[in-house]
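Below is one structure, written out as structure tokens; the observations come after it.
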Amino acid sequence: MKNTLSAKEVLARLPGGAEGEVYEVHRQVRPLLFRSGALESLRLSETAGRALRVIVDGRLGFSTTTDLDDGSTLVHNALDSAQHGEAVGFHYPSAAEFPQVPCFDPEVESLSDEEMIATGKEIIARINAEFPQVQVHVGIRKEVEEIYLLNTSGLEVSSRRTLLLIQAAAQVVGEQDILFIPDEAASRRRQEVDAQAVAENILRLLRWSERTVPLTSGAMPVVFHHTATAVLLLPLLHGLNGRNVYLRTSPLSDLLGRPALDPRFTLVDDGRLPFARLSSPTDDEGTPTARKTLIQEGVVRHFLYDLKAAALAGASSTGNGYRGQSLSGGDFRRRPNVSPASWLIAPGERSLEEILGELDQALLVEEVLGLGQGNVIAGEFSNNVELGFLVRRGQVVGRVKNTMIAGNAYELLREHLLALSAEPRWVMGWLHTPAIALDRVSVICGTVER
Amino acid sequence: MDERIEEALRRSRADFTDIRIEQAWHTRISFEGPHLENLETYFEMGGIVRCLVGGGWGIAVFNTLDDLPERVADAEHIARLVSSELNERFELPPAPPIRDQVRASLQKDPRTIPLQEKLALVRRYNERMLRESPKIVSTRTAYADSFRIVTIANSEGTLIVEERPDTAMLLAALAREDTNIQQAWETVGEAAGFEIVEGQEEKAVQAARRALDLLQARPVQGGIYTVIVNPELAGVLIHEAFGHLCEADFLAKSPAMRQLLTPGRVVGPPELNVVEDGYLPGRRGNTPYDDEGTPRRRVYLIRNGVLEGFLHSRETAARMGFPPTGNARALSYQYEPIVRMRNTYIDRGQATFAEMLRGVEHGIYACGFVGGNTGLGQFTFSAAYAYEIVHGEIGEMLREVVLTGNIFETLHNVDMIGDDLTIYGGAGGCGKEEQQGLPLTLGGPHVRIQNLTVGGRTT
């Protein structure tokens, strides 16, 4: 190993008066892939990178590098960026009391390749035992990362985190149709990633999919379950982002303290939940994470902020400055941005079974295609029901095909909420949500070929 | 560097080994409303080793080249572990070694343009959109350029050094009237230099005006329609409806999928030709060599309405008994190449736009795209804006037009193919598995489709 330049040495190279922040990630990722039931590949990825954010004369600059030996290019690029950068009104946070948030599980770190392979084989065997013709694809991914954050305000944080992710999908190839049933589980703690539950969920959906039934277009009760709940929550992801509120591109921008959704709807953003995929003691710019009720009994209570958006809006950071694509942090290449931690939707009182049992006819939607397409900002959705079932009085009649659902998430969650189920579950390692039953959702059915 | 790579390759005892090293220079600029959101230049370097042993792949990713021989040993070790789990062996048929250097020819190499010059241009477009109307409440103006030098070497003696430029820009405007919020955008994206983003004021104006127009547009009523898609949306249709299905990694290990997709199967009308081409110099899917070092090959996915070919990596080609096509592409050094599209388009037909409109009593003319998605069987794609067609004439503007179909139905319902052909690079890219945002192009002529399901309000 060469002598790498330390984060402190990088900060020491900044000109006098400049404020600086170094964010460094060392990451080990091991993804394993089974395709059509057979092991295909295993990858070991060991990468490191560093981001430098500076404020010079009140202007923000940013750059990143994967070359930890080199400080001069990184510093030069960040200063060049600051020279033309945006004037900002924030300073880096200083050292504070950070919450204790468990993020590291030695059982994930010590998980061997052989154990991961065995888990994949178990999922495949379990599904193929009941459906031998079904092809099963499995991906298992283990991550161990060390994050180091240092700034000129005196903050120095380091954190080790683990993540275990299992994704599985069953594929059924018919004469005129390909059916794809995915599921996944993710946590920072090994014991919370239940491979058996992933297999069982896929089996349940396979059993329900054995028969295809026609459905007539119309406005009807639709129960959003599992991944399909994201159809309704993606608009809120945009709408509750304080930056969008400030820019007035959020439909909720004038509704702080006012009712926006049904009084049974309560939504919490929690960055401290032990071992959750999006949990950590601080966000990616050193602000302590927090638990905030964003919507309380239908009333908008808080928006999410990072340092930059908070400075613009005259608010405080809520500990939601994450570096990454939305719904993930820890990517040193990305500048911090407003992003949610775990979202917890308060469950209702009746089980999904009871809710469905009370409806003469409902469309139960498990998976959709085209998530995030359409005018999400305004709350509009229009999605293909990739996996959905016609349910009459609680009985699953069969799978529907060539069907679209459409509506406005804000309007439906305000005017037409039938019920929230009593059993919340994790979706994409981000949402912890019950099934959401809505009335008067537009359902358009094309022709159904047999 | 080449010497170190070849030395590391010589030490491998795997059946096959390849090493890919990437050096990349990036610039990113983005505005959100009047705010400069991001301004950065950065350099990134990394590499990936793949070893194949008995049909099992072991892969190692890194971004320091200091311990290359150890990384090869890691990959080899993992490959042996994977191989021990396999019921059948597989060997990669040898490919002739290639020694080549591919230079990019750019009018304006983005690495030589000062950051402030790039910023000034992007700021001008951003301000142009904001100036259009007080109803334009925000924008998203994003510019990104990259210049990659990729070295691909393998144990068969191949050593290719390829320069890969990419420049793209998104000009998005958000218009608001009370709670009605609409957005519209224009994009530019080419495997080219800074020159392609110059002189694009018109696109900024178009984006802003369309966002304003959408405020007045009517949400589409859901139903089954005759739809004419414009060339951009035709490209998305074929990419989602058929392109992904022809990616042979979905087929190679699945007898059921191979049976379903037997070459010779009639999948559309005789006028339908779909081409997948690695050779479109200057376009985002231009890949002289793919990330396994395979030279490009042009493939007809559909010829005269009949399924003809697939897109292959070396492995899928060998497993299915075809020649590799040069479609093994990786998003970056962090990922192994998987089967991806390059430039995919429906070839031109004979109908004029006027002929397509004729006889459409109540239909939709759908334009531009928000995105698309496929579940292999079903697919969906959404138009950025649309118009109704009434008695053969273009009528009012519509919004929220999302279309859906089934691969074995929708293409049969194509009844007219236009005599125009346009190919789009866009500013985004295609996502597959964990690799999101791969640059490519898509396109086609105007295409008319009968009985297409459109989502939307029922009342």
statement: Within segment B:90-110, residues surrounded by 14 or more Cβ atoms within 10 Å (Cβ to Cβ), at pLDDT below 95 and of a type outside the set (A, V, I, L, M) come out as B:90
- prompt: Mind checking which pairs have a first residue in segment A:313-342 that is among the β-branched types (Val, Ile, Thr) and a second that is in a loop (DSSP other than H, G, I, E, B), Cβ under 7 Å, 6 or more apart or different chains?
  reply: A:318/A:290; A:318/A:302; A:318/A:305; A:338/A:305; A:338/A:306; A:338/A:320
query: Has segment B:303-313 got at least one residue that is at pLDDT 95 or above, of a type in the set (Val, Ile, Thr) and touching a helix residue (DSSP H, G or I) at 6+ places or on another chain (Cβ under 8 Å)?
result: no
field: Only one of B:87, B:38 that is at the interface with another protein chain (Cβ under 9 Å from one of its Cβ atoms), assigned to a strand (DSSP E or B) and modelled with pLDDT under 95
entry: B:38
- line: The strands (runs of 3 or more DSSP E) lying entirely within segment A:99-213 that contain at least 2 residues which are within 30 Å of residue A:5 (Cα to Cα) are A:135-151, A:156-173
- line: Scanning segment A:242-298 residue by residue, those within 14 Å of chain B (Cβ to nearest Cβ), in a loop (DSSP other than H, G, I, E, B), on the phi < 0 side of the Ramachandran plot and charged (D, E, K, R) turn out to be A:254, A:258
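Residues are listed down the side, and each one gets a yes or a no for (1) under 19 Å from the mean Cα position of the chain (by Cα); (2) buried (at least 24 other Cβ atoms within 10 Å of the Cβ); (3) among the β-branched types (Val, Ile, Thr):
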site	(1), (2), (3)
B:293	no, yes, no
B:307	no, no, no
B:313	yes, yes, no
B:330	yes, no, no
- request: Would you check if residue B:428 is assigned to a loop (DSSP other than H, G, I, E, B) and either within 14 Å of chain A (Cβ to nearest Cβ) or crowded, with 19+ Cβ neighbours inside 10 Å (or both)?
  value: yes
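Name the residues in segment A:384-410 that are away from every other protein chain (no Cβ under 14 Å) and either among the small types (Gly, Ala, Ser) or within 14 Å of residue A:229 (Cα to Cα) (or both), would you? I'd like the intermediate steps shown before the answer.
Applying the first criterion (away from every other protein chain (no Cβ under 14 Å)) to segment A:384-410 yields A:389-398.
Answer for segment A:384-410, where residues must be away from every other protein chain (no Cβ under 14 Å) and either among the small types (Gly, Ala, Ser) or within 14 Å of residue A:229 (Cα to Cα) (or both): A:394, A:398.
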message: Suppose the filter is part of a helix (DSSP H, G or I) and either more than 14 Å from chain B (Cβ to nearest Cβ) or surrounded by fewer than 23 Cβ atoms within 10 Å (Cβ to Cβ) (or both); does residue A:418 pass it?
response: no
- prompt: So which of B:20, B:10, B:89 ends up being farther than 30 Å from residue B:116 by Cβ and within 25 Å of the chain's Cα centre (by Cα)?
  reply: B:20
- line: Of the residues in segment A:66-120, those that are touching a residue at least 60 places away in the same chain (Cβ under 8 Å) and among the charged types (D, E, K, R) number 6
Boolean, residue B:9 is modelled with pLDDT of 95 or more and assigned to a helix (DSSP H, G or I): yes
message: Being of a type in the set (S, T, N, Q), within 30 Å of residue A:164 (Cβ to Cβ) and surrounded by fewer than 22 Cβ atoms within 10 Å (Cβ to Cβ): is that true of residue A:241 here?
response: no
message: touching a residue at least 24 places away in the same chain (Cβ under 8 Å), more than 9 Å from every other protein chain (Cβ to nearest Cβ) and in contact with a Phe, Trp or Tyr (Cβ under 7 Å, 6 or more places away or on another chain): which single residue out of B:92, B:106 fits that description?
response: B:92
- prompt: Which residues, taken from segment B:53-80, are without any contact (Cβ under 8 Å) to a residue 60 or more places away in the chain and either part of a strand (DSSP E or B) or outside the structural domain of residue B:141 (by TED's automatic domain parsing) (or both)?
  reply: B:53, B:56, B:58, B:60, B:62
- prompt: Looking at segment B:177-187, is at least one residue in a strand (DSSP E or B), surrounded by fewer than 22 Cβ atoms within 10 Å (Cβ to Cβ), hydrophobic (A, V, I, L, M, F, W, C) and outside the structural domain of residue B:376 (by TED's automatic domain parsing)?
  reply: no
statement: Selection from segment B:403-425 of residues within 24 Å of the chain's Cα centre (by Cα), assigned to a strand (DSSP E or B) and hydrophobic (A, V, I, L, M, F, W, C) yields B:403, B:414, B:417, B:423
Of all residues in segment B:431-457 being of a type outside the set (D, E, K, R) and in a loop (DSSP other than H, G, I, E, B), the one that is surrounded by the most Cβ atoms within 10 Å (Cβ to Cβ): B:455
Pairs with Cβ under 7 Å, 6+ apart, first in segment B:376-402 and in a loop (DSSP other than H, G, I, E, B), second hydroxyl-bearing (Ser, Thr, Tyr) and surrounded by 22 or more Cβ atoms within 10 Å (Cβ to Cβ): B:400/A:382; B:401/B:382
- prompt: So is residue A:372 away from chain B (no Cβ under 14 Å), assigned to a loop (DSSP other than H, G, I, E, B) and at pLDDT below 95 or not?
  reply: no
- prompt: With B:385, B:365 as the choices, which residue is more than 23 Å from the chain's Cα centre (by Cα), of a type in the set (Phe, Trp, Tyr) and at pLDDT 95 or above?
  reply: B:365
- request: Test residue B:440 against the stated conditions and say whether it is in contact (Cβ under 8 Å) with a residue 24 or more places away in the chain, under 26 Å from residue B:348 (Cβ atoms) and within 11 Å of chain A (Cβ to nearest Cβ).
  value: no
message: Looking at A:80, A:57, A:69, can you tell me which residue is facing another protein chain (nearest Cβ under 7 Å) and surrounded by fewer than 19 Cβ atoms within 10 Å (Cβ to Cβ)?
response: A:80
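What is the residue count in segment A:340-365 for residues that are under 17 Å from the mean Cα position of the chain (by Cα) and of a type outside the set (Gly, Ala, Ser)?
Looking only at that region, the number is 4.
The values are calculated or read from the model by the stated rules, or taken from the named source; none is laboratory data. All values derive from a computational prediction rather than experimental measurement. We place every Cβ from the backbone using ideal geometry, glycine too, and count neighbours over all the protein chains shown.
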